[in-house]
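For reference, the structure is listed below as structure tokens.
The values are calculated or read from the model by the stated rules, or taken from the named source; none is laboratory data. None of the values given here were measured: they were computed from a predicted structure. Quick reminder, even Gly has a Cβ in these numbers, built from the backbone with ideal geometry, and neighbours come from all protein chains shown. We work out accessible area using only protein heavy atoms, side chains counted, and drop any ligands, DNA or RNA first. Shrake-Rupley method; radii C 1.70, N 1.55, O 1.52, S 1.80 Å.
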Amino acid sequence: MNNFYVYCHKDSDGKIRYFGKGRNKRAWDFTKRNPYWKNVFKNTPPTVEILVDHLSESAAFELEKFFIAEAKADGVQLC
């Protein structure tokens, strides 16, 4: 089924700090995150943006890896 999506979390300055793949409410679940993510967003919750939806899990995973690689190549510090 094509019920996965790729999303990002932006900080209060509008900078993308995290990319992920998920389905259902994963993008809005802030409880199961790594300590660095929790530190970045400790004062202000992230803005969630769905970048691409209606994907298979494998397509979402590949697209997530692509977005992360592009951001790192641009010098973006991700969580």
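When residues in the stretch 13-34 are screened for being over 15 Å from Leu51 (Cα atoms) and among the hydrophobic types (A, V, I, L, M, F, W, C), 1 of them pass. Just name the residue that is least open to solvent (accessible area, probe 1.4 Å) out of those in the stretch 60-79 that are among the acidic types (Asp, Glu) and part of a helix (DSSP H, G or I). Ranking the candidates gives Glu64 first. Scanning the stretch 14-41 for residues that are open to solvent by 70 Å² or more (accessible area, probe 1.4 Å), outside any helix (DSSP H, G or I), modelled with pLDDT of 95 or more and over 16 Å from Glu64 (Cα atoms) yields Lys15, Asn24, Lys25.
In the stretch 2-15, the residues that are in contact (Cβ under 8 Å) with a residue 12 or more places away in the chain reach residues that are among the aromatic types (Phe, Trp, Tyr) and assigned to a loop (DSSP other than H, G, I, E, B) with C-beta atoms within less than 8 angstrom, at least six apart or across chains, in these pairs: His9/Phe41; Asp11/Phe41. Of everything in the stretch 42-59 that is assigned to a loop (DSSP other than H, G, I, E, B) and of a type in the set (S, T, N, Q), the residue that is surrounded by the most Cβ atoms within 10 Å (Cβ to Cβ) is Ser56.
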